[in-house]
Structures are given as C-alpha cells and as structure tokens.
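Trainee: Have a look at this one before I ask anything.
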Amino acid sequence: MLGVMGQSAREKPSRRMCAGCGSRAAREELVRLVVGDSAPFVAVDLGRRLGGRGVSVHPKKACVRSAALRGGLARALRGVARLEPESIERMLVEQYEQRALGLLSAAQRSRNLALGGDAVRAALKANKGDLLIRAKDSRGRGDELAHTATALGCATAAWGTKASLGDVFSRSKLGVLLITDRGIAAAILDCLSHVEALTEDG
Ligand SMILES: [Zn+2]
C-alpha cells in the first residue's frame, strides 16, 4: 500500500528530517549516516555517495545524541545494537577534519596558502587572505596576526595545535597559516564549524 509510506514519500527530495531533533532542514544542512542492514554499523556519508539505508542528522552534538539514544538512529538499528553517541560524534569529527585537511592540501597545491608568521604577515600586507587559521596554543604573534586579519575582513578560526598543524606540512610546529582562496576558505570554515558544533560542551 502506497498510502502507508506517508510523509517521506511526499516530501521534497531536497528536504530531510533530522533523526535527532525532528525538524526539517535542507539536505545540505544535515549529514547522512548509513546504517548497516544486517550487521549493526553506522558509517558517515559526508559526500552522500554511499548506498544503503540511511538517516540524516544535524551535525550537532545534541542532535547526534538524541538520534542515537532514542531517535531515528536507534530505530534504524532496530534495537539490535546501541551505539554510543560519542563514537558517532568522533566519526563525524574525524571525517570533517579529514575533509578540512584535504582542503588545506588543495590550497597548498594551488598556491593559495601562506605558512607561518612571516608569510602570513606578508600576504596580509598585500591584502590577500580569506581565512586565517591559528593553532589553539599559539600566543602573541598568532593573536596579533588574527587581529590584523579581522581588521582586513579576513575570517579567522582556531584549529588544532602548533604540533598538529606542523605535522600536516612536515614542520615541527606551525602556529598560523592563511588561505588565499575564497572557495577553499569557505569550505574549510564549514568543516571547522561542524567540528565545533560536535565537540562543544552542553
Ligand atoms: Zn537536529
């Protein structure tokens, strides 16, 4: 009976319901989690390329939590397994960070990246810069450059540590870097805002 398919069948394909808070949102605002059909597993499908059963959820701590504990995700797993919300949050954070790292590489390959205080300062002086990223443990100089960037209308974000950012570029430490491509900057900011929403307290 087609009638019992209900709302989902009539819904515009571009809108989905969040399995956590239950509100409807544009597909782009939600992340798809693929749920195993036989074995209980959940995979993150950021690119929406995976087949199989899936549920959509806001990439926010509260929504992931309620989806896993009592919402659509718990139902999709048919009570066979109980997934800890923390493990789903971790998977999501990992995927968004991977994506952000890929975007950093893209910025480097296309020469839209300035690494380190001197290079960042020079680029800002030349009025270049769409996103300044500083390590969360950078002090002094990072503050000053972030301030300069903000004054020039360049976005800023804090991510990782000097050691973890350094690792990405085979340096021992990296406190600050600057993206000089608007599209890449926006995509990285998007990833980092999701990471923040998935890791914030409360
Ligand atoms: Zn939600």
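The values are calculated or read from the model by the stated rules, or taken from the named source; none is laboratory data. Keep in mind it's a predicted model, so treat the numbers as computed, not measured. We place every Cβ from the backbone using ideal geometry, glycine too, and count neighbours over all the protein chains shown.
Trainee: Taking the condition of being modelled with pLDDT of 80 or more and either surrounded by fewer than 15 Cβ atoms within 10 Å (Cβ to Cβ) or part of a loop (DSSP other than H, G, I, E, B) (or both), how many residues in region 30-41 meet it?
Mentor: Qualifying residue count, region 30-41: 1.
Trainee: Follow-up. Hey, among the residues in region 42-64 that are surrounded by fewer than 18 Cβ atoms within 10 Å (Cβ to Cβ) and basic (K, R), which one's farthest from the ligand (Cβ to nearest atom)?
Mentor: R49
Residues checked against (1) modelled with pLDDT of 95 or more; (2) in contact with a helix residue (DSSP H, G or I) (Cβ under 7 Å, 6 or more places away or on another chain); (3) in the same structural domain as C191 (by TED's automatic domain parsing):
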residue: A107; (1), (2), (3): yes, yes, yes
residue: L113; (1), (2), (3): yes, yes, yes
residue: S138; (1), (2), (3): no, yes, yes
residue: S164; (1), (2), (3): no, no, yes
residue: L177; (1), (2), (3): yes, yes, yes
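Trainee: Got at least one residue in region 79-92 being modelled with pLDDT of 90 or more and under 30 Å from T148 (Cα atoms)?
Mentor: no
Trainee: Give me a count of the residues in region 154-202 that are assigned to a helix (DSSP H, G or I) and under 18 Å from E144 (Cβ atoms).
Mentor: Residues meeting the conditions: 2.
Every residue, every condition in (1) modelled with pLDDT under 75; (2) over 24 Å from Q98 (Cβ atoms); (3) part of a strand (DSSP E or B), yes or no:
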position	(1), (2), (3)
A25	no, no, yes
E28	no, no, no
V44	no, no, yes
R49	no, no, no
P59	no, no, no
A62	no, no, no
S66	no, yes, no
A74	no, yes, no
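Trainee: Also, I was wondering about something else. Could you please tell me which pairs satisfy a Cβ distance under 7 Å, a separation of 6+ or placement on different chains, a first residue in region 92-104 that is within 13 Å of V31 (Cβ to Cβ), and a second residue that is polar (S, T, N, Q) and in a helix (DSSP H, G or I)?
Mentor: V93/T199
Trainee: Does at least one position in region 189-202 carry a residue that is touching a residue at least 24 places away in the same chain (Cβ under 8 Å) and more than 30 Å from S87 (Cβ to Cβ)?
Mentor: No; the residues of region 189-202 include none that is touching a residue at least 24 places away in the same chain (Cβ under 8 Å) and more than 30 Å from S87 (Cβ to Cβ).
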